[in-house]
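The values are calculated or read from the model by the stated rules, or taken from the named source; none is laboratory data. These numbers come from a predicted model, not from an experiment. Neighbour counts run over all protein chains shown; Cβ positions are idealised from the backbone, glycine included.
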Amino acid sequence: MVVSVVADGRNLTYDVREPITVGEFLAQIEVVLGEQDVVSPPLFTQISDGIQITVRRVAEETYCEDREMPYQRRTLVDERLQAGAEVLSQPGQNGTERQCYRVQIADGVRGEPVPVGAPTVLVSPREEIVYVGPTSQLEPVEVRGTIAYLSGGNAWAMRGSSDTRHPVTTTGDVDPLRAFNLSPDGRSLLLTRTTTTDGTFGNQLFLIPDVNAPQPELLPLRPVNVLWADWVPNRPNVISYTRAEPRPTSPGWGAFNDLWLMTLDLQTGEEIDLDPLIEESPGRGGPFSWWGRGYAWSPDGAQLAWVHADAVGTVNLETGELNSPLTQYEVFSPRSDWSWRSTVSWSPDSAFLATVVHGAPIGSESPERSPVFDIALLDAQGAFAATLVERSGIWALPKFSPVIQSSEQGATMSLAYLKARQPLVSVSDSAEYDLILADSDGSNARILFPEEGQRGLTQREFAWSPDGNQIVLVYQGNLWIVDVLSGVASQITLDGGASRPVWMP
């Protein structure tokens, strides 16, 4: 049999007298194959007369290139600036990334480079941040009391009129998820500032004695890694807070499920007294206890509500023990790394609580995956629990108004809440809600905001005015004030980054 071999730039012919495979024949003639060499026909092929064996020498080369990552430019509206003005807040800086490639070289001919994996970021780019003046102006709106809110990582405040809004902090590191509460007199602000730069859990509690001072002071307090903090009603200078410890596992912290009362000198931030109301009990926060127990003080400061993933109840303020639940429901568990907590609103007379409860399944889904959420009214002494609104949506946030005085009806109160436009898919971040106004028993409900035909609310945050005649809310990133009686809504900010509004006298 005549066999030809093409290899290493040569074409040789051989006589073969016995039946063997291509691989055996190449071994006989001492053609050494590399690991990546390509032989045609395959090595297991039987030799036949006239066959041509081709050996392609293949090698691989790997190399890496560093390339520049251009920075992005971000503009933020700053209402302190004139229209058209620009102020550079943070200069941009390009980053560097490394991309590695693999190249195949066949018989000395280089092929096209093939990327090996995703690029590795060596130096992250730093975005350029530029503050610009608003392109339009808003008519001032009366503000009866003080409104504080967050924007661009800073606290802002306004008092008397919306055109008095001003930054209270300039550090850009206010923690948007934890404490942010005005004192009952509307003067002092309790907030947390983040103490980490990599997005992990870590913060410290701070006090601003007077948000309307020409240059508000930012006073550090002792508590760190705070999950929740608020003022204690009818106890001047007393705050309450609960803590956690950072953890590497989801959600990034482990709650202590404690509660501390701290008395402060509001001028200096000095700690006068510190008492534990509820001792550390990491495993006693109900299901998913590491997420933390929620709390809410009654307006008279004589009662405290607790919230677990499956229940709402009150605290025995003498012993620190949790009273029996006022209502219980199935844990809502759409995904393993997230745990929902309801919210609680006390009536002005501290007799009732409005909250959201997880409803029963409507199909074949398991109880913990039911998409049903209702608004419930609870008697603070446990006498009854009633459903006020069916299928409101998970982020309904029912809130009683302060007592409203009118010449026609005397002293009354209302209930405001958010109602999902698609209640059975209300959990989604993009779910749209309407702001509903009703009587305190849920009757006479009507849509207060937005107008018909407009997009719904996707930032589920609002607060009553101290006199109960207005509501401030966040709509498409800006604050709006809605008059409860007339329904007239007025936009009061332009920066597009507002959140966490609070309103006090």
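On the given criteria, is R341 assigned to a loop (DSSP other than H, G, I, E, B) and closer than 26 Å to S183 by Cα? Quick ask: steps written out before the conclusion?
Working: assigned to a loop (DSSP other than H, G, I, E, B): yes; closer than 26 Å to S183 by Cα: yes.
Yes: the conditions hold for R341.
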From G301, G320, G313, grab the single residue that is farther than 17 Å from R243 by Cα, surrounded by 14 or more Cβ atoms within 10 Å (Cβ to Cβ), of a type outside the set (K, R) and more than 28 Å from the chain's Cα centre (by Cα).
-> G301
Of the residues in the stretch 143-155, those that are free of Cβ contacts under 8 Å to residues at least 60 places away in the same chain and closer than 18 Å to D185 by Cα number 1
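Name the strands (runs of 3 or more DSSP E) wholly within the stretch 439-505 that hold at least 2 residues that are small (G, A, S) and within 30 Å of D210 (Cα to Cα)?
Details: elements: 446-449, 462-464, 470-475, 478-483, 489-491, 498-504.
In the stretch 439-505, 489-491, 498-504 are the strands (runs of 3 or more DSSP E) which contain 2 or more residues that are small (G, A, S) and within 30 Å of D210 (Cα to Cα).
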Check E280 against each of (1) in contact with an Asp or Glu (Cβ under 7 Å, 6 or more places away or on another chain); (2) under 16 Å from T314 (Cα atoms); (3) assigned to a loop (DSSP other than H, G, I, E, B) and name the one condition it does not meet.
-> (2)
List every residue pair whose Cβ atoms lie under 8 Å apart, where the two residues are 6 or more positions apart in sequence or sit on different chains, the first residue falls within the stretch 120-132 and is part of a strand (DSSP E or B) and exposed (fewer than 13 other Cβ atoms within 10 Å of the Cβ), and the second residue, located anywhere, is modelled with pLDDT of 90 or more and among the acidic types (D, E).
-> T120/E97; V121/E97; L122/D66; L122/E97
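Test R187 against the criterion of being modelled with pLDDT of 90 or more, among the basic types (K, R) and outside any loop (DSSP other than H, G, I, E, B), and give yes or no. Even if it seems obvious, please write down each step before you answer.
Numbers: modelled with pLDDT of 90 or more: yes; among the basic types (K, R): yes; outside any loop (DSSP other than H, G, I, E, B): no.
For R187, the condition - modelled with pLDDT of 90 or more, among the basic types (K, R) and outside any loop (DSSP other than H, G, I, E, B) - is not met.
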Just one of the numbered conditions (1) modelled with pLDDT under 95; (2) in a strand (DSSP E or B); (3) not β-branched (V, I, T) is not true of E139; which one?
-> (2)
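Give the residue that is nearest to the chain's Cα centre (by Cα), with candidates limited to residues of the stretch 29-39 that are closer than 24 Å to Q104 by Cβ and surrounded by fewer than 13 Cβ atoms within 10 Å (Cβ to Cβ).
First, pick out the residues of the stretch 29-39 that are closer than 24 Å to Q104 by Cβ: 31-39.
Checking the rest, the ones that are also surrounded by fewer than 13 Cβ atoms within 10 Å (Cβ to Cβ) come to 32, 34-35.
On the way: V32: 62, G34: 55, E35: 52 Å.
Of everything passing the filter in the stretch 29-39, E35 is nearest to the chain's Cα centre (by Cα).
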If you go through the stretch 232-259, how many residues are among the hydrophobic types (A, V, I, L, M, F, W, C), in a strand (DSSP E or B) and surrounded by 21 or more Cβ atoms within 10 Å (Cβ to Cβ)?
-> 4
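Any idea which residue in the stretch 74-102 is farthest from T120 (Cα to Cα), counting only those that are of a type in the set (K, R) and at pLDDT 90 or above? Break it down into steps so the answer makes sense when it comes.
Start the filter on the stretch 74-102 by keeping residues that are of a type in the set (K, R), which leaves 74, 80, 98, 102.
Within this subset, residues satisfying the condition of being at pLDDT 90 or above are 98, 102.
Details: R98: 5, R102: 15 Å.
The residue in question is R102.
Here are S350, S364, S324: which of them is part of a loop (DSSP other than H, G, I, E, B), among the hydroxyl-bearing types (S, T, Y) and without any contact (Cβ under 8 Å) to a residue 40 or more places away in the chain?
Numbers: S350 fails: without any contact (Cβ under 8 Å) to a residue 40 or more places away in the chain; S324 fails: without any contact (Cβ under 8 Å) to a residue 40 or more places away in the chain.
S364 is the lone residue from the list that is part of a loop (DSSP other than H, G, I, E, B), among the hydroxyl-bearing types (S, T, Y) and without any contact (Cβ under 8 Å) to a residue 40 or more places away in the chain.
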Hits in the stretch 193-225 (condition: among the small types (G, A, S) and either surrounded by 15 or more Cβ atoms within 10 Å (Cβ to Cβ) or farther than 23 Å from F256 by Cα (or both)) = G202, A213
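Each row is one residue, and each column tells you yes or no for (1) over 13 Å from S401 (Cα atoms); (2) among the hydrophobic types (A, V, I, L, M, F, W, C).
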{"site": "S465", "(1), (2)": "no, no"}
{"site": "G468", "(1), (2)": "no, no"}
{"site": "V472", "(1), (2)": "no, yes"}
{"site": "Y475", "(1), (2)": "yes, no"}
{"site": "V488", "(1), (2)": "yes, yes"}
{"site": "I492", "(1), (2)": "yes, yes"}
{"site": "G496", "(1), (2)": "yes, no"}
{"site": "R500", "(1), (2)": "yes, no"}
{"site": "M504", "(1), (2)": "no, yes"}
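Suppose we filter the stretch 2-28 for residues that are surrounded by fewer than 10 Cβ atoms within 10 Å (Cβ to Cβ) and at negative phi; how many remain?
5
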With the checklist (1) within 26 Å of the chain's Cα centre (by Cα); (2) over 19 Å from P450 (Cβ atoms); (3) at pLDDT 95 or above; (4) not in a strand (DSSP E or B) in hand, flag the one item L424 doesn't pass.
-> (3)
Given (1) modelled with pLDDT of 95 or more; (2) surrounded by fewer than 17 Cβ atoms within 10 Å (Cβ to Cβ); (3) not acidic (D, E), A155 misses just (2)
Within the stretch 192-212, how many residues turn out to be assigned to a loop (DSSP other than H, G, I, E, B), hydrophobic (A, V, I, L, M, F, W, C) and without any contact (Cβ under 8 Å) to a residue 40 or more places away in the chain?
-> 0
Applying the selection to the stretch 455-505, what residues are surrounded by fewer than 19 Cβ atoms within 10 Å (Cβ to Cβ), among the hydroxyl-bearing types (S, T, Y) and under 14 Å from A157 (Cα atoms)?
-> S499
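Among the residues of the stretch 158-185 satisfying the criterion of being touching a Pro at 6+ places or on another chain (Cβ under 7 Å) and more than 25 Å from Q204 (Cα to Cα), which is surrounded by the most Cβ atoms within 10 Å (Cβ to Cβ)? Show your work before the answer.
Our first condition is that a residue be touching a Pro at 6+ places or on another chain (Cβ under 7 Å); within the stretch 158-185, this holds for 161-163, 168, 184-185.
Applying the additional criterion that residues be more than 25 Å from Q204 (Cα to Cα) yields 161-163.
Details: S161: 13, S162: 22, D163: 14.
Step by step, filter the stretch 158-185, then rank; the result is S162.
Kindly establish whether A148 is closer than 23 Å to I481 by Cβ, at pLDDT 95 or above and buried (at least 19 other Cβ atoms within 10 Å of the Cβ). Walk me through how you get there before you give the answer.
Numbers: closer than 23 Å to I481 by Cβ: yes; at pLDDT 95 or above: yes; buried (at least 19 other Cβ atoms within 10 Å of the Cβ): yes.
Yes.
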P140 passes all but one of the listed conditions (1) more than 26 Å from Q459 (Cα to Cα); (2) surrounded by 14 or more Cβ atoms within 10 Å (Cβ to Cβ); the exception is number (1)
Extreme residue, surrounded by the fewest Cβ atoms within 10 Å (Cβ to Cβ), among residues of the stretch 57-81 that are assigned to a loop (DSSP other than H, G, I, E, B) and out of contact with any Ser or Thr (no Cβ under 8 Å at 6 or more places or on another chain) | P70
Determine which member of the set S490, S443, S499 is without any contact (Cβ under 8 Å) to a residue 24 or more places away in the chain and not aliphatic (A, V, I, L, M).
-> S443
